[in-house]
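Q: Got a structure for you, questions after.
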Amino acid sequence: MTPKPSLLFVHGLGADGTYWGEVRSLLARYESYAYDQRGHGTTPLGNEELTLDRLAGDLGAIVRSSPVPGPVVLVGHSAGGAAILRLAALEPTLFGSESEIVGVVLVSASCLDLRCSVSGYPGRLLERALLSLPSIALRNERCGYFGRWMARGAMKAIRVISTWRWPLYGAEASRGARHKFSTMLSSTPPYTLSVMLGLLSRFSLPNLAAMRRVPVLIAAGEGDRIASRTYMRLLSEELPSARLAVIPRAGHLLPLECPEELSREIQRFMDTLCEEGK
């Protein structure tokens, strides 16, 4: 009999390991582990350049260190999902029924494309404006009084925007969920935000042959304005055996907006995985 798999959670941009707290509690029957990605929470940036390949390498090292017993199912949200996709391309031998990674859950795993919610020139202008805020903070935070004032203003704008329903959340996201993410986001260094937003805006699907060897669940919010619809369609085409679960009235931040619904989908996925492993 195959050992019962554990869950390894990977958060997205601007969050930290606590982002998964409610989902982990709802899935307490499984051993689980969540960590702070490089440049987030308590994990420093280090001296190396921040790239998605670096984040994927960090994830691979954690998988090999076995922080939880047995094989693992990776659960990645947004940029965390992008790190999983890169890991599949960089270290394909980690994926497989007899390998360390026996399943993957991609939660709003995405590139960044705000133009899907505001099309044409307004969408391009809006995307450029929002992508510029962390860069403004980064460039000015050490440039005298006026520069620091500009940096504080840019970070304040980021905090305020991250509490708006548009563009991050669905129609039923609670004020508490929005405040929680805003607090985490405002604690993320401007460098991390600036570099990662740029990387995600240019992200394209890597070779996913390794992920076709394991069961995959793709969870998405019906009202997600961040994950490009084109990108999600391409992802589904690349992984034709994956199950797609669309959660009604939810936006991009499913673990905070609708932890119960997301946990139920993950539970169904794990039940099927464990049944097939008997």
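Q: Could you compute how much accessible surface Asp53 exposes when probed at 1.4 Å, giving the result in Å² to the nearest 10?
A: Around 70 Å² of this residue is reachable by solvent.
Q: Calculate, for the range 194-278, the solvent-accessible area per residue in square angstrom, rolling a 1.4 angstrom probe over the heavy atoms of the protein chains.
A: Numbers: 3920 Å² over 85 residues.
The answer is 46 Å² per residue.
Q: With a 1.4 Å probe and every protein chain kept in, tell me what percent of the accessible surface of the range 203-278 is carbon plus sulfur. Display every interim value, and only then the final one.
A: Details: 1750 of 3550 Å².
Reported share for carbon and sulfur atoms: 49 percent.
Q: Roughly how many Å² is the accessible area per residue of the range 23-68, as a whole number, for a 1.4 Å probe?
A: Working: 2320 Å² over 46 residues.
About 50 Å² of surface per residue is accessible.
The values are calculated or read from the model by the stated rules, or taken from the named source; none is laboratory data. Because the structure is a prediction, the values reported are computed rather than measured. Ligands, DNA and RNA are excluded from the accessible area calculation, which covers all protein heavy atoms including side chains. Shrake-Rupley method; radii C 1.70, N 1.55, O 1.52, S 1.80 Å.
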